[in-house]
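Written out below as structure tokens is the structure these notes cover.
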Amino acid sequence: MSDINIPNTPGKFVSKWRAEGPVDDTTIEQWKSEMSIESWLMVAEAALFLDAAELFEMISAKLSPAETATIGLVRRRMLGDNKLESAINDAIDIAKNPDTRDLKLEGRLRMERGLARYENGDIEGAKD
């Protein structure tokens with residue numbers, strides 16, 4: 001029988017939490033390091049989608065302001081909200097503020113804004 005090597009992913013992190021958690025902050029920091037997961041946002045998104053509410057709450061406290069704004073948008077989109085333009089613009093402002101700058105998230109949020117505009121029929125606005 002072949003051995004299947006499952007990559008270290010945020011979903012695997014949530015599975016580990018379900019199997020071994022709840023655990024303390026030091027332990028989840030260790031898991032993140034062992035799994036080479038670069039961002040708590042990735043784990044927060046997996047916890048949100050995989051309905052791991054207690055883990056989500058624990059991870060949420062570790063998010064930067066730009067990550068917090070981003071996970072708020074992810075949650076709203078997940079709940080079916082399609083009026084996201086204002087919230088996306090606010091999140092972009094947070095991501096590009098010199099005190100809370102996050103270039104990766106700024107790019108992601110700009111893509112989210114384009115997608116939201118496209119989904120709402122604003123094809124030209126989606127190109128911005």
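Taken together, the values in this text are just the output of simple stated rules run on the coordinates, not laboratory data. Fair warning: this is a prediction, and the values are worked out from it, not measured in the lab. Don't worry about glycine lacking a Cβ; one is built from the backbone with ideal geometry, like all the others, and counts go over all protein chains shown.
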Can you tell me how many residues within the stretch 57-72 are of a type outside the set (Ser, Thr, Tyr) and either under 15 Å from Glu119 (Cα atoms) or outside any helix (DSSP H, G or I) (or both)?
3
Which of the residues belonging to the stretch 67-124 are surrounded by 15 or more Cβ atoms within 10 Å (Cβ to Cβ), of a type in the set (S, T, N, Q) and under 27 Å from Leu50 (Cβ atoms)?
Thr68, Thr70
Quick one: in the stretch 24-37, of everything that is touching a helix residue (DSSP H, G or I) at 6+ places or on another chain (Cβ under 9 Å) and exposed (fewer than 15 other Cβ atoms within 10 Å of the Cβ), which residue is nearest to Asp102 (Cα to Cα)?
Asp25
